[in-house]
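The values are calculated or read from the model by the stated rules, or taken from the named source; none is laboratory data. Everything numeric in this text was worked out from a predicted model, so none of it was measured. All Cβ positions, even for glycine, are placed from backbone atoms using ideal geometry, and neighbour counts span all protein chains on display.
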Amino acid sequence: MNNADRRPMLTGFAGLPLGVITQCTADDVGVLGVPSEVKTGSRFGTSLAPDALREMAERLDVDLPAKGYDLGNMDLSGDWSGTLMHLVTQMADRQVVPVVLGGDSDVATAVLEALPDLPVVATMPHVRHDVAARPTNTIWVGLNGEQPVETWDQISQREMIWRTARQLDEGATDIPHEPDCAVLWIDLSVIDLGHAAGVVGLNPGGMKPETLVSVIGSMPCSWRAIVITGLAPALDTRGMSELIAIETLVAALRNE
């Protein structure tokens with residue numbers, strides 16, 4: 001962790017005090033920024049997401065339904081994904097809930113690899129290669145229906161649970177076999193581009209913001225870790241994308 005990355009901050013995310021992992025106690029949240037940048041595509045800016053979320057939370061005077069510490073931003077030099085896995089494992093061992101603000105999807109990959117035995121709830125528009133990397137007890141929320149046939153076949157063969165954005169927006173929010181505890185991966189590209197311009201994935205026909213917040217907020221699940229990816233704040237001058245991310249995070253933390 002690079003303490004220099006915290007020098008402009010007087011308080012952390014949503015008014016949390018700045019701190020280190022050893023200050024966290026059981027049931028605290030540990031907010032960690034991982035400002036990695038997307039490597040492919042035409043829409044960049046995910047490295048700005050952690051600090052943009054902090055600024056938006058301060059502007060909105062957000063009050064998290066959880067106590068804990070803001071651990072600052074990671075230094076991404078060297079093997080940062082290995083360092084991230086180690087930090088997440090440390091927090092899990094102390095029964096602290098890591099809230100990881102990314103970053104590209106590789107941030108989520110590291111978090112999930114650090115907690116391989118937990119179920120995963122993934123809000124994302126495309127599964128792509130992720131279906132092969134995820135355990136069977138993965139719930140896919142907000143798929144846009146444009147998955148390749150082989151992807152649907154893999155999901156079906158592995159008996160994974162899924163709901164498309166259209167199903168959820170039309171009220172089919174019943175998700176069977178919801179786990180008691182899981183890792184939550186919020187990829188902001190799951191939101192329809194018309195509602196959230198500041199995302200890296202172009203997703204026409206994606207979820208409505210209110211649907212995402214409602215679905216995550218209604219899941220009776222204890223989140224053992226939460227990771228946010230896919231936010232590119234510079235692409236959204238109104239800040240609606242950051243607002244959606246924060247509202248979804250607050251809804252998730254109400255279950256803790």
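Quick look at the numbers
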| item | result |
| --- | --- |
| All positions within the range 33-63 that are of a type in the set (Gly, Ala, Ser), under 16 Å from LEU18 (Cα atoms) and under 15 Å from the mean Cα position of the chain (by Cα) | GLY33 |
| Of all residues making up the range 160-174, the number that are part of a loop (DSSP other than H, G, I, E, B) and either without any contact (Cβ under 8 Å) to a residue 40 or more places away in the chain or crowded, with 19+ Cβ neighbours inside 10 Å (or both) | 5 |
| Qualifying residue in the range 118-125 (condition: over 11 Å from the mean Cα position of the chain (by Cα) and part of a helix (DSSP H, G or I)) | no |
| Some residue of the range 212-235 being modelled with pLDDT of 95 or more, aromatic (Phe, Trp, Tyr) and either under 21 Å from ALA108 (Cβ atoms) or not in a loop (DSSP other than H, G, I, E, B) (or both) | yes |
| Condition met for ALA26 (within 20 Å of TRP80 (Cβ to Cβ) and either at pLDDT 95 or above or out of contact with any Leu (no Cβ under 6 Å at 6 or more places or on another chain) (or both)) | no |
| Cβ-Cβ under 8 Å pairs, at least 6 apart or on other chains, the range 118-131 side farther than 29 Å from ASP93 by Cβ, far side part of a strand (DSSP E or B) and among the small types (Gly, Ala, Ser) | PRO125/GLY142 |
| All positions within the range 48-63 that are in contact with a strand residue (DSSP E or B) (Cβ under 9 Å, 6 or more places away or on another chain) and farther than 19 Å from VAL88 by Cβ | LEU48, ASP51, ALA52, ARG54 |
| Check on SER156, buried (at least 23 other Cβ atoms within 10 Å of the Cβ), in a helix (DSSP H, G or I) and modelled with pLDDT of 85 or more | no |
| Candidate set from the range 126-153 (those that are aliphatic (A, V, I, L, M) and assigned to a strand (DSSP E or B)); member that is surrounded by the most Cβ atoms within 10 Å (Cβ to Cβ) | VAL141 |
| Any hit, the range 218-226, residues being in contact (Cβ under 8 Å) with a residue 12 or more places away in the chain, surrounded by 24 or more Cβ atoms within 10 Å (Cβ to Cβ) and closer than 17 Å to GLY103 by Cβ | yes |
| Some residue of the range 22-36 being among the aliphatic types (A, V, I, L, M), surrounded by fewer than 21 Cβ atoms within 10 Å (Cβ to Cβ) and closer than 16 Å to LEU235 by Cα | no |
| Hits in the range 60-94 (condition: part of a loop (DSSP other than H, G, I, E, B) and either of a type in the set (Ser, Thr, Tyr) or surrounded by fewer than 20 Cβ atoms within 10 Å (Cβ to Cβ) (or both)) | ASP61, VAL62, ASP63, PRO65, ALA66, LYS67, ASP75, LEU76, SER77, GLY78, ASP79, ARG94 |
| Residue tally, condition in contact (Cβ under 8 Å) with a residue 60 or more places away in the chain and surrounded by fewer than 20 Cβ atoms within 10 Å (Cβ to Cβ), over the range 227-242 | 3 |
| Test: residue in the range 34-42 that is at pLDDT below 95, outside any strand (DSSP E or B) and among the hydrophobic types (A, V, I, L, M, F, W, C) | yes |
| Any hit, the range 187-194, residues being among the charged types (D, E, K, R), surrounded by fewer than 17 Cβ atoms within 10 Å (Cβ to Cβ) and in contact with a strand residue (DSSP E or B) (Cβ under 8 Å, 6 or more places away or on another chain) | no |
